[in-house]
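Colleague: Handing you this structure, nothing more for now.
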Protein chains: 2
Amino acid sequence: MTDHAAAKPLHQKIITDLEGKILSGVWPPGYRIPFEHELTAQYRCARMTVNKALSALAAAGLITRRRRAGSFVAQPPTQSAMLHIPDLATEIREKGAAYGYRLIKRRIVGIEEAPHGLVGTTWLILDAVHFANNRPFAAEARWINLDAVPDATNADFAQTPPGSWLLAQVPWTRAAHEIRALNANAALAKTLAVTKGAACLMVERRTWRMGDAITYVRQIFPGDSYRLTADFSP
Amino acid sequence: MTDHAAAKPLHQKIITDLEGKILSGVWPPGYRIPFEHELTAQYRCARMTVNKALSALAAAGLITRRRRAGSFVAQPPTQSAMLHIPDLATEIREKGAAYGYRLIKRRIVGIEEAPHGLVGTTWLILDAVHFANNRPFAAEARWINLDAVPDATNADFAQTPPGSWLLAQVPWTRAAHEIRALNANAALAKTLAVTKGAACLMVERRTWRMGDAITYVRQIFPGDSYRLTADFSP
DNA sequence: GAGTGGTCTAGACCACAAA
DNA sequence: TTGTGGTCTAGACCACTCC
């Protein structure tokens with residue numbers, strides 16, 4: 001008997017257990033998880049079995065391992081390298097431009113289902129604009145599920161862009177993107193300081209953690225000044 | 001002494017060796033790779049070591065494993081699930097629309113470096129249009145590196161879209177995308193049957209195999225009829 | 001039925017980095 | 001120096017599946 005678990009490989013059970021601790025936040029980034037020999041004792045198994053589980057977690061990027069030091073919960077589940085849509089503030093600064101941000105509107109609504117297919121009872125809705133060198137760079141509409149991220153209620157989104165705040169605070173396990181092109185209408189043209197009808201790139205992103213909706217964001221960029229890039233292997 | 005290799009884990013060497021066979025095409029899709037016990041003999045190591053390597057290849061999707069049957073080179077290194085830009089023909093048909101395709105121009109040029117940052121001495125250049133239900137769906141400009149894919153010289157791209165052909169024929173190891181929005185100029189508007197100035201989505205993709213450039217493609221879609229989607233986990 | 005992969009054990013030695 | 005992870009061994013039993 002490996003455990004009470006039904007026909008599930010032990011190393012898989014270890015992976016599931018540790019993932020739960022990490023993704024739920026019980027073990028925050030930087031936390032030193034038990035040594036292999038401790039887990040060996042806890043699960044009554046050989047070190048190879050524990051090692052297999054930890055190696056898998058390391059390969060998945062959930063933990064980092066250092067000889068003599070131990071294994072640690074990896075730093076922010078940073079934005080995936082797959083689809084390179086980093087935090088706009090970081091991205092703009094990396095290009096050497098001055099980053100600016102202005103919160104346009106903030107409100108909290110109670111609604112069972114956001115009009116984006118995400119489920120949650122209470123939503124924080126933000127409208128904001130990002131600037132690069134004082135020129136509008138992106139118009140952002142953001143929904144944050146306060147059921148999943150209650151701390152967002154007290155965050156100062158007049159100073160901190162919600163994307164930056166969320167990336168630093170909230171681990172996510174799944175993200176879905178939709179990308180399309182649209183012609184700027186009068187209002188959007190004014191916001192982005194482009195001519196009416198200019199082609200814009202619209203990116204929508206829904207993010208989940210363990211099946212719970214975290215956030216929805218719609219960002220619209222002037223088409224001539226922004227390119228999305230994605231670089232990956234099969 | 002595990003081997004003459006210099007400070008490289010044996011299971012890593014096995015992975016590298018097998019990857020080479022698979023990605024180079026020496027072992028085509030469907031090929032049954034040696035059994036674990038055969039590799040054990042070949043590398044003079046324990047089965048666990050071979051198993052570790054094969055498990056990693058399976059996790060990476062390069063091979064599939066079946067009890068009692070053996071391990072097989074996985075079917076086409078199909079388009080990654082990360083950024084869902086499948087073969088347009090497949091995608092259109094999955095939506096229930098009739099797929100059409102027309103080759104506009106075909107030519108071969110000798111040029112050291114394609115104007116897209118890719119290196120190769122001889123390029124096959126194709127211009128084509130994709131149709132869904134007889135309406136233009138995408139304008140495509142395609143460059144194929146004949147050094148890497150000599151068979152493309154004889155392929156009948158008047159019948160088979162180059163994207164479909166390449167996906168079925170050529171394994172790739174890296175792809176880079178750039179996505180932007182643009183207003184249709186007169187020529188593009190005519191090709192896509194949209195009004196001049198309509199917002200369009202432009203996708204550029206460069207693909208490599210083991211460091212060698214395979215293809216560059218630029219596809220332009222009417223912005224109101226196409227959305228790119230990407231769904232992934234960290 | 002026979003042979004494959006899936007999993008696990010109870011050791012071992014080594015490299016490396018932290019103390 | 002010390003203890004961690006990295007790797008490897010030579011077995012073992014089992015489940016599944018193809019013949």
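The values are calculated or read from the model by the stated rules, or taken from the named source; none is laboratory data. Owing to the predicted nature of the structure, the values given are computational and were not obtained by experimental measurement. In this analysis, Cβ positions are derived from the backbone assuming ideal geometry, glycine residues included, and neighbour counts consider all displayed protein chains.
For every residue, the table says whether it meets (1) assigned by TED's automatic domain parsing to the domain that holds A:A138; (2) more than 11 Å from DNA strand D (Cβ to nearest atom); (3) hydrophobic (A, V, I, L, M, F, W, C); (4) at pLDDT below 90.
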site: A:A5; (1), (2), (3), (4): no, yes, yes, yes
site: A:G20; (1), (2), (3), (4): no, yes, no, yes
site: A:L23; (1), (2), (3), (4): no, yes, yes, yes
site: A:T40; (1), (2), (3), (4): no, no, no, no
site: A:S55; (1), (2), (3), (4): no, no, no, no
site: A:A59; (1), (2), (3), (4): no, no, yes, yes
site: A:R66; (1), (2), (3), (4): no, no, no, no
site: A:D87; (1), (2), (3), (4): yes, yes, no, yes
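Colleague: Being in contact with a strand residue (DSSP E or B) (Cβ under 7 Å, 6 or more places away or on another chain), among the aromatic types (F, W, Y) and either in a strand (DSSP E or B) or away from chain A (no Cβ under 14 Å) (or both) is the filter here, so list the residues in region B:151-176 that pass it.
Modeller: Answer for region B:151-176, where residues must be in contact with a strand residue (DSSP E or B) (Cβ under 7 Å, 6 or more places away or on another chain), among the aromatic types (F, W, Y) and either in a strand (DSSP E or B) or away from chain A (no Cβ under 14 Å) (or both): just B:F157.
Colleague: In addition: Tell me, which residue of region A:42-53 that is within 12 Å of DNA strand D (Cβ to nearest atom) and of a type in the set (S, T, N, Q) is surrounded by the fewest Cβ atoms within 10 Å (Cβ to Cβ)?
Modeller: The qualifying residue surrounded by the fewest Cβ atoms within 10 Å (Cβ to Cβ) is A:N51.
Colleague: Next question. Based on this model, can you work out whether A:G25 counts as touching a residue at least 60 places away in the same chain (Cβ under 8 Å) and farther than 24 Å from A:P9 by Cα?
Modeller: When the stated conditions are applied, A:G25 passes them.
Colleague: Within 30 Å of A:Q75 (Cβ to Cβ), in contact with a Ser or Thr (Cβ under 8 Å, 6 or more places away or on another chain), in contact (Cβ under 8 Å) with a residue 60 or more places away in the chain and in the same structural domain as A:L118 (by TED's automatic domain parsing): does that describe A:V149? Write out each step before concluding.
Modeller: Numbers: within 30 Å of A:Q75 (Cβ to Cβ): yes; in contact with a Ser or Thr (Cβ under 8 Å, 6 or more places away or on another chain): yes; in contact (Cβ under 8 Å) with a residue 60 or more places away in the chain: yes; in the same structural domain as A:L118 (by TED's automatic domain parsing): yes.
Yes.
Colleague: Another one. For region B:109-127, state whether one or more residues are crowded, with 18+ Cβ neighbours inside 10 Å and closer than 22 Å to B:A189 by Cα.
Modeller: yes
Colleague: Counting only residues that are more than 16 Å from DNA strand D (Cβ to nearest atom) and at pLDDT 70 or above, how many does region B:74-85 have?
Modeller: 0
Colleague: I've got another one for you. Name the one entry in A:R93, A:R106 that is of a type in the set (K, R), modelled with pLDDT under 90 and assigned by TED's automatic domain parsing to the domain that holds A:R205.
Modeller: So the residue among A:R93, A:R106 that is of a type in the set (K, R), modelled with pLDDT under 90 and assigned by TED's automatic domain parsing to the domain that holds A:R205 is A:R93.
Colleague: Looking only at region B:33-75, count every residue that is among the small types (G, A, S) and part of a helix (DSSP H, G or I) and tell me the total.
Modeller: Going through region B:33-75 one residue at a time, the tally reaches 6.
Colleague: Then there's this: On the given criteria, is B:A198 surrounded by 18 or more Cβ atoms within 10 Å (Cβ to Cβ), of a type in the set (A, V, I, L, M) and within 12 Å of chain A (Cβ to nearest Cβ)?
Modeller: Working: surrounded by 18 or more Cβ atoms within 10 Å (Cβ to Cβ): yes; of a type in the set (A, V, I, L, M): yes; within 12 Å of chain A (Cβ to nearest Cβ): yes.
When the stated conditions are applied, B:A198 passes them.
Colleague: Anything in region B:25-38 that is within 15 Å of DNA strand D (Cβ to nearest atom) and aromatic (F, W, Y)? List them, or say none. Steps first, please.
Modeller: So the first thing to find is which residues in region B:25-38 are within 15 Å of DNA strand D (Cβ to nearest atom), and the list is B:30, B:32, B:35-38.
Once the filter is applied, which keeps residues that are within 15 Å of DNA strand D (Cβ to nearest atom) and aromatic (F, W, Y), region B:25-38 yields only B:F35.
Colleague: Another one. Select from region B:92-108 the residues that are hydrophobic (A, V, I, L, M, F, W, C) and part of a strand (DSSP E or B) and write down the one among them that is surrounded by the most Cβ atoms within 10 Å (Cβ to Cβ).
Modeller: B:L103
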